[in-house]
Amino acid sequence: MPGYSAVNKKMIQVPVGPGGELYSKRGAMLGYVGAVTFTGTTTAGAGLGATFGRAMAGENVGMMHVTGQGSVMFGHRGLYVEIVELQGDVLYVEADRLLVHDASLQRGTMFLGEQGGLSGVIRGQVTGQGLFTTTLTGHGSLALLSHGGVIQLPVQPGRPVYVDPQAYVAHRGQIQNRLKTAVGLRDLIGRGSGEGFQLELSGQGVVYVQASERKI
């Protein structure tokens, strides 16, 4: 079965078939051909515990389970779409950035406190991302949403990458991240997030950064 293909920068076409089911963002279906069914889901393949945690924090994102036989076109609010292929690794991404992903990918939820303790929690509040982030693990395809498209920045040992927290979209690989204060607290008044805070990513992997500080 062919994989995800770009119709243009803001639309993709994805095949659906036996062994090729999908989970998509609710409201992201633009059109389809064939006998395809869309069913609302609260878990999108994630465990009940992870879903409950997000629900308690008010961070649940509506998803659809896509089954049947055919082809579906996806897009959302004219945002740019980036196709990503996972080869057995883990992608860390905010749930509202996910347009669609293969059902074969294992979906989970990580408390941001696990990625830097208190700093991780503060990062979630500063960026507006909340207290949880989504993980996708395994072999398969997915598509991310962004404002203005994304660039992939390599992260190498001894060469950390610094990004505006609100421009951060996702990362993959063995990467540690922490929120870094660029100026003193007295100087934060009137500054944007990128001027007052920077997200430092170190280790080995790739970080996806969008061409904007706007949230989805």
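Laid out as a table, the results:
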item: Residue exposure sequence - Phe132, Phe74, Phe38 - by fewest surrounding Cβ within 10 Å; result: Phe38, Phe132, Phe74
item: Sequence of Tyr32, Tyr23 once ranked by neighbouring C-beta atoms within 10 Å, starting from the fewest; result: Tyr32, Tyr23
item: Straight-distance crosslink candidates among lysines, where the alpha carbon sits under 29 Å from Lys9 and sequence neighbours closer than 8 are dropped; result: Lys25, Lys215
item: Segment Ala6-Thr41, length gained on full extension (0.36 nm per residue, minus Cα span); result: 10.0 nm
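Read-outs throughout are calculated quantities, based only on the coordinates presented, and are distinct from any laboratory measurement. Everything numeric here is computed off the predicted structure, so don't read it as measured data. We place every Cβ from the backbone using ideal geometry, glycine too, and count neighbours over all the protein chains shown.
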